[in-house]
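First the structure, in the form of structure tokens, and then the observations on it.
The values are calculated or read from the model by the stated rules, or taken from the named source; none is laboratory data. Please read all numbers here as calculations on a predicted model, not as lab measurements. Using ideal geometry, Cβ is built from the backbone for each residue, glycine included, and neighbour counts are taken over all protein chains shown.
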Amino acid sequence: MRFLSINLNHFIQLKPKTFSLLFLAFFLPMQGTQKVEGLILNLQSKGRDSFSTNVFQLMQNMRLLQLDCVDLTGDFGHLSKQLRWVNWQRSTLSCIPNDFYQGNLVVLELKFSNVKQVWKETKV
């Protein structure tokens, strides 16, 4: 498994106001983004930040996603359909977005999140 763990603390210390996941979107394709199968983004030590789901469009082989103190905005359909394990700690979402494909999920961890309702609509 090609696994990518990004220590965002170094980037944030260097450019605290200008850092975003968009920065990663420009550089990751050069490093084989399509082959990434796992990603960990942990911002717990630096505070919360929000990123667009657009950066996940090229990561269609991702099977593991771990987020901590990270908010995602945009079309959740951009996340990989291959996701098997999602660990999203301290999410501010009140429910799981309808466009988030969960057909291959085995584990969905939402520790310390604000999720009060898993789905807004009935899933068949």
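Values as computed for the structure displayed
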item: Meets criteria (surrounded by fewer than 16 Cβ atoms within 10 Å (Cβ to Cβ), modelled with pLDDT under 95 and closer than 28 Å to K46 by Cα) for N114; result: yes
item: Matching residues, segment 83-111, being β-branched (V, I, T), part of a loop (DSSP other than H, G, I, E, B) and buried (at least 16 other Cβ atoms within 10 Å of the Cβ); result: I96
item: Tally of residues being buried (at least 18 other Cβ atoms within 10 Å of the Cβ) and not in a strand (DSSP E or B) across segment 64-77; result: 1
item: Any hit, segment 43-57, residues being surrounded by 17 or more Cβ atoms within 10 Å (Cβ to Cβ), touching a Cys at 6+ places or on another chain (Cβ under 7 Å) and outside any strand (DSSP E or B); result: yes
item: Odd one out for S80, checked against (1) hydroxyl-bearing (S, T, Y); (2) exposed (fewer than 13 other Cβ atoms within 10 Å of the Cβ); (3) at pLDDT 85 or above; result: (2)
